[in-house]
Amino acid sequence: MTRALEWAVARRGNASYAGRCLAFVEDAFERPNQIEVFGEATAAEAAAALELTPYESAHPPAAGSLVFFACGGPLNGVDREWGHVGIALGDGRVVHAWNEVRVDDALEIPRLRPAPGWSAARLIGWASAGQLLRGHRPRDWGKAAG
């Protein structure tokens, strides 16, 4: 988990994950740990598939937990509920891919300016990293596809 957080925080300012928050979270766990995570297609689908715990500011989720938000709008010509997700740092802050990778207090993310046509993010809960990692497998990063 520490590797995932280090990888994620080291990408602060990276705009290549804009609109791809779930890909950012999956890469944070996969790349430094050489594993493959089998998840959902969108943050909203991942939130629906996991058992979320309500977010309580007095007891923020542990570092490495996934923090989910409801939001939606147009993306690649499709307008729907996509959701948003980031990784908890354990102190109420979340590293996440918004317009760029950034660190924000989870309670402040709903105040961020959404992309044009998108609804504001609404905090809906969190899930442990263990839930994301269920079913993962080691990845042979050096093996060419055959």
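The values are calculated or read from the model by the stated rules, or taken from the named source; none is laboratory data. Quick caveat: nothing in here was measured; it's all calculated off a predicted structure. So basically every Cβ, Gly included, is an ideal-geometry build from the backbone, and we count neighbours across all protein chains shown. With ligands, DNA and RNA removed, areas are computed over all heavy atoms of the protein, side chains included. Shrake-Rupley method; radii C 1.70, N 1.55, O 1.52, S 1.80 Å.
Regarding ALA115, is this residue modelled with pLDDT of 95 or more, part of a loop (DSSP other than H, G, I, E, B) and touching a Leu at 6+ places or on another chain (Cβ under 9 Å)? Judged against the criteria, ALA115 is not a match. Scanning the range 31-49 for residues that are in a helix (DSSP H, G or I), surrounded by fewer than 19 Cβ atoms within 10 Å (Cβ to Cβ) and either touching a strand residue (DSSP E or B) at 6+ places or on another chain (Cβ under 8 Å) or not charged (D, E, K, R) (or both) returns PRO32, ASN33, ALA48, ALA49.
Residues in the range 31-38 include none that are aromatic (Phe, Trp, Tyr), in contact with a helix residue (DSSP H, G or I) (Cβ under 9 Å, 6 or more places away or on another chain) and closer than 18 Å to LEU132 by Cα.
The residues in the range 91-121 that are small (Gly, Ala, Ser) and open to solvent by 40 Å² or more (accessible area, probe 1.4 Å) can be counted, and the count is 4. Here is the figure for the range 71-86: residues that are open to solvent by 30 Å² or more (accessible area, probe 1.4 Å), touching a strand residue (DSSP E or B) at 6+ places or on another chain (Cβ under 8 Å) and in a loop (DSSP other than H, G, I, E, B) total 1. The residues of the range 1-22 that are surrounded by 17 or more Cβ atoms within 10 Å (Cβ to Cβ) and in a helix (DSSP H, G or I), listed by number, are ALA4, LEU5, TRP7, ALA8, CYS21, LEU22.
Scanning the range 22-60 for residues that are within 17 Å of ALA88 (Cα to Cα), over 12 Å from the mean Cα position of the chain (by Cα) and of a type in the set (Asp, Glu) yields GLU30, GLU51, GLU56. Across the range 50-70, the qualifying residues are those that are over 13 Å from GLY125 (Cα atoms) and modelled with pLDDT of 95 or more, and the one among them that is least open to solvent (accessible area, probe 1.4 Å) is GLY64.
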